[in-house]
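Single-structure report; data block below.
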There are 4 protein chains.
Amino acid sequence: MRILMDEKGRKYIAHNEEFHTNFGFIKKEDIEKGMPGDVLKTHLGHKFKVLKANINDYIDLMERKCSIILPKDIGIIIATTGIGCGDKIIDAGTGAGATALHFGNVVGEKGAVYSYEIRKDFAEIAKRNIEGFGLENVHIKCKNILDGIDEENIDLIFLDLPKPWDVIENARSALKVGGYIATYTPYIEQMQILHKVLKKYEFTNVKTIECILREIEVKNKGTRPKTRAVGHTGYLTFARNL
Amino acid sequence: MRILMDEKGRKYIAHNEEFHTNFGFIKKEDIEKGMPGDVLKTHLGHKFKVLKANINDYIDLMERKCSIILPKDIGIIIATTGIGCGDKIIDAGTGAGATALHFGNVVGEKGAVYSYEIRKDFAEIAKRNIEGFGLENVHIKCKNILDGIDEENIDLIFLDLPKPWDVIENARSALKVGGYIATYTPYIEQMQILHKVLKKYEFTNVKTIECILREIEVKNKGTRPKTRAVGHTGYLTFARNL
Amino acid sequence: MRILMDEKGRKYIAHNEEFHTNFGFIKKEDIEKGMPGDVLKTHLGHKFKVLKANINDYIDLMERKCSIILPKDIGIIIATTGIGCGDKIIDAGTGAGATALHFGNVVGEKGAVYSYEIRKDFAEIAKRNIEGFGLENVHIKCKNILDGIDEENIDLIFLDLPKPWDVIENARSALKVGGYIATYTPYIEQMQILHKVLKKYEFTNVKTIECILREIEVKNKGTRPKTRAVGHTGYLTFARNL
Amino acid sequence: MRILMDEKGRKYIAHNEEFHTNFGFIKKEDIEKGMPGDVLKTHLGHKFKVLKANINDYIDLMERKCSIILPKDIGIIIATTGIGCGDKIIDAGTGAGATALHFGNVVGEKGAVYSYEIRKDFAEIAKRNIEGFGLENVHIKCKNILDGIDEENIDLIFLDLPKPWDVIENARSALKVGGYIATYTPYIEQMQILHKVLKKYEFTNVKTIECILREIEVKNKGTRPKTRAVGHTGYLTFARNL
């Protein structure tokens, strides 16, 4: 996946076709030949840098019709559950596929991500997004995860659903010994139900955290936390199948 | 890497030898045969469950003589820079190797982590820790990273050093186009210097964040954020080579 | 100070004159006779409740051309320095007078607030605001506090200035033994200079805090921290003349 | 209320009697004559400074057998409800009287604080604490506030009780039009019930906040938020009788 970046840092997906912008166009053959690091010029002389898109570049540019989980939360899920290259992950619901892309990026070819999405329109978008980035280890399934989990021996089941507790019983048998369940829920009530249900099904190490992210502004005027901030995203609840 | 977990959830590394505890011992052959999920009994009848250690289990049990970066911060580094399976990472200083282990776990066999540590004693511990977990893609180098970076075409250079700014100039040429530098620094002054130096060497998207983690307690008495918390760990500064 | 509140909770200052709204008008004599708790009707039958304005009602409605310090920060200043009824406070710069109003409200008739403002236009607005609320213990002085502090035996000197450190030397001699200096500064650099200067002039118990306020939303959908929040207001630095 | 402060900043209440310390003693007559700002010497030559205790000095030194609400939370209650000199406040439960002391300090002689405490032992301690500081406007009542509120025309009713919702119905009729109810509750469930009950009894502007306080350390090593912090104290819920 290559992208083009203009002089102001704005990014565009580079399809293998003539590239039209407000600053002129770039010829199809230039686009096709452009390697990461190359600088292409429009017919009006404006510069665009070719870059290999990383996962976040791509997520920023891809099609989506729903909100996505922020890197701060995805990162904490990855590092807290310790998933890595070669692991198998189940993800529900898929949404636009941002979380599945992150997971797919981490588990690599030897790993796999099975992502359940009940809405057909979202599943279609997610499939296109996964293909567009070129990941072959992420499998979008247009299926209600409540109807059964097809996979076994899973390292992490991640649930971004309104009622994740309905999945807990089935989740248990799909997980490896030592595997994790992780959920993302905006509301406190959801997290409270999760604690009860996770304990009922004998999950251990049940724990809920939230991450308050602050960006620090370093300007000539001075250094301070940004005055605008996201006040809350969601609670992350973790539990382990031990 | 297998571990043994007792009835209270305490974990122990399972070496291929007789296992002695306050609750009796387990025979060497039982240990050797134990597969993840198996329950072994001591001669006094106490149960120990065999588990495949994940990266965090192992880090909790491994030898270390210095503080380590918490999963919340490592996770945010991973997801913000978008590193994944197959990527190449430089890490300095190694310390006990916890961050290198996390990176090695994510980049997998096709990726590599080159971890620079100036102190011989730390480098020795880190080598043992990496070997103990069985990662072959993490290379501990007992070398001052200021004396030169040997690798090229790197996706992420992560610096956990008192003066990370000294490395920025060299870092630039070791990074891929689109690659990231990330630093972990406890103090605001460090982060301020980093912003200046990163801009001087034409890094873009320079950004500093901190993550305030709150754990939420769900008990019979009620739900609330834990009254004890870590007030601060470190600032994460990111910049990109574009 | 009376205000009128409409059926949607919007508030209006009640001057002793006919009151015109989009929902009809209320006669002058009705306004004049209206006591807190009374409900007045416009000629179109819309209801307006008469209220005694508290300090925050008034601040929300009064004239201002600059940002004001939030109640969270003013409250922490009040309770941390322990000021109360009868105390004497110096305040600089006045701005629209919101902080002076809060202080005046707390120290009462036996106390006094001397508020220094260098800009004539701000001082005029602040004077009108103080008079409008009917406080006689707040004295707006259109004077640069750097040119000297006229008062003595002060309990609290509060500085909301770009360079509060220039005032520290004079502040010391104006304060009672045991009196406090408090400053509000948006930037970390300001707070760092303050620490040095406060220690140079032998202030003790020098301490900087910031208050991150979260509002919790309790709705039918669920309970959660608001997703929009103020990320930062200012650092509060305290020091004591001991 | 005078206190003595030693060379290390430790404080002691100065009773009118001989003062014994590890650094020698100070004669009764010296203590009696000592005015704020004076420095007294023990017979061994160690210096103690005489200070007029402010409310926080006194609370730190007074007798208490229960936890107290921190200044950050008391301050936010004061400034958010806009209480000031001359106001009437009800407070329940009293505990050691710290909150009542703060309120008494703010409302002054023309105001009053009526503080309800069900436990006789706590009420006794609180009475001694209030007398010790010399406040005559704070009335400790050893009475269950559920048995009825004796006062009327109140500006603020503050509840620090396990089940503050039981008091809401009665609170309404004791409050002035425009008066506030404020509660301090550690748990989310308490705050949720409060929202329902406050709305049932037609309180308006129902709002819950929490204040996360961070102290910033400014040392030679550098500036950073303190690594140890209080993770949570309580939720403050406000509502207004309009």
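Brief remarks on what is shown
- Residue selected from region B:232-242 under the condition closer than 16 Å to B:Thr80 by Cβ and facing another protein chain (nearest Cβ under 7 Å), by the criterion surrounded by the most Cβ atoms within 10 Å (Cβ to Cβ): B:Tyr235
- When the residues of region D:158-184 are filtered to those that are farther than 20 Å from C:Pro36 by Cβ and polar (S, T, N, Q), the one that is farthest from the chain's Cα centre (by Cα) is D:Asn170.
- Among the residues of region B:1-55, the ones that are under 30 Å from the mean Cα position of the chain (by Cα) and among the aromatic types (Phe, Trp, Tyr) come to 3 in all.
- Residue identified as touching a residue at least 60 places away in the same chain (Cβ under 8 Å) and not in a strand (DSSP E or B) among A:Glu151, A:Glu124, A:Glu131: A:Glu151
- Set D:Ile154, D:Ile193, D:Ile181, D:Ile149: member being within 14 Å of chain B (Cβ to nearest Cβ), in contact with a helix residue (DSSP H, G or I) (Cβ under 7 Å, 6 or more places away or on another chain) and either under 16 Å from D:Thr80 (Cα atoms) or not small (Gly, Ala, Ser) (or both): D:Ile193
- Residue count for region B:6-28, restricted to those that are on the phi > 0 side of the Ramachandran plot and touching a residue at least 12 places away in the same chain (Cβ under 8 Å): 1
- The one condition in (1) surrounded by fewer than 17 Cβ atoms within 10 Å (Cβ to Cβ); (2) in a strand (DSSP E or B) that B:Leu146 fails to fulfil: (2)
- Within this structure, D:Arg224 fails the test of being within 18 Å of C:Ala79 (Cα to Cα) and at pLDDT 95 or above.
- Residue satisfying condition, being more than 23 Å from C:Lys127 (Cα to Cα) and touching a residue at least 12 places away in the same chain (Cβ under 8 Å), within set C:Thr99, C:Thr94, C:Thr81: C:Thr81
- For the residues D:Ile31, D:Ile76, D:Ile68, the requirement of being crowded, with 18+ Cβ neighbours inside 10 Å and in contact (Cβ under 8 Å) with a residue 60 or more places away in the chain singles out D:Ile76.
- Verdict on C:Asp160 being surrounded by fewer than 17 Cβ atoms within 10 Å (Cβ to Cβ) and more than 10 Å from every other protein chain (Cβ to nearest Cβ): no
- Region D:100-114 - residue that is over 11 Å from the mean Cα position of the chain (by Cα) and at negative phi and, of those, farthest from the other protein chains (Cβ to nearest Cβ): D:Tyr114
- All of (1) within 12 Å of another protein chain (Cβ to nearest Cβ); (2) surrounded by 21 or more Cβ atoms within 10 Å (Cβ to Cβ) hold for B:Lys8 with one exception: (2).
- Any chance A:Lys176 is touching a strand residue (DSSP E or B) at 6+ places or on another chain (Cβ under 7 Å) and assigned to a helix (DSSP H, G or I): no
- Residues of region A:205-231 satisfying the condition of being over 23 Å from B:Lys196 (Cβ atoms), of a type in the set (Lys, Arg) and within 10 Å of chain C (Cβ to nearest Cβ): A:Arg228
- Hey, D:Ile154 buried (at least 19 other Cβ atoms within 10 Å of the Cβ) and more than 14 Å from the chain's Cα centre (by Cα) or not: yes
- Residue list for region A:201-242, filter: more than 30 Å from A:Asn170 (Cβ to Cβ) and of a type in the set (S, T, N, Q): A:Asn220, A:Thr223, A:Thr227
- Set D:Thr21, D:Thr94, D:Thr81, D:Thr99: member being at pLDDT below 95 and among the β-branched types (Val, Ile, Thr): D:Thr21
- The condition (being of a type outside the set (S, T, N, Q) and either within 12 Å of chain B (Cβ to nearest Cβ) or closer than 21 Å to B:Asn56 by Cα (or both)) is satisfied by just one residue among A:Phe133, A:Phe122: A:Phe133.
- Single match in D:Val177, D:Val167 (criterion: closer than 18 Å to D:Ile149 by Cβ, surrounded by fewer than 20 Cβ atoms within 10 Å (Cβ to Cβ) and of a type in the set (A, V, I, L, M)): D:Val177
- Selected residue (criterion: nearest to the other protein chains (Cβ to nearest Cβ)) from residues of region C:47-61 that are within 22 Å of C:Phe158 (Cα to Cα) and of a type in the set (A, V, I, L, M, F, W, C): C:Ile55
- Of all residues in region A:190-226, those satisfying the criterion of being under 29 Å from A:Arg240 (Cα atoms) and part of a loop (DSSP other than H, G, I, E, B) are A:Tyr201, A:Glu202, A:Phe203.
- Residue in region D:54-69 that is on the phi > 0 side of the Ramachandran plot and in the same structural domain as D:Ile145 (by TED's automatic domain parsing) present: no
- Residues within region C:191-212 that are under 30 Å from C:Arg228 (Cα atoms) and either touching a Pro at 6+ places or on another chain (Cβ under 7 Å) or of a type in the set (Ser, Thr, Tyr) (or both), tallied: 1
- Count - residues of region C:32-46 that are part of a strand (DSSP E or B) and within 12 Å of another protein chain (Cβ to nearest Cβ): 1
- Scan of region B:64-78 for residues that are at pLDDT 95 or above and out of contact with any Lys or Arg (no Cβ under 6 Å at 6 or more places or on another chain), ordered by number: B:Ile69, B:Leu70, B:Pro71, B:Lys72, B:Asp73, B:Ile74, B:Gly75, B:Ile77, B:Ile78
The values are calculated or read from the model by the stated rules, or taken from the named source; none is laboratory data. Values in this document were obtained by computation on a predicted structure and should not be read as measured data. So basically every Cβ, Gly included, is an ideal-geometry build from the backbone, and we count neighbours across all protein chains shown.
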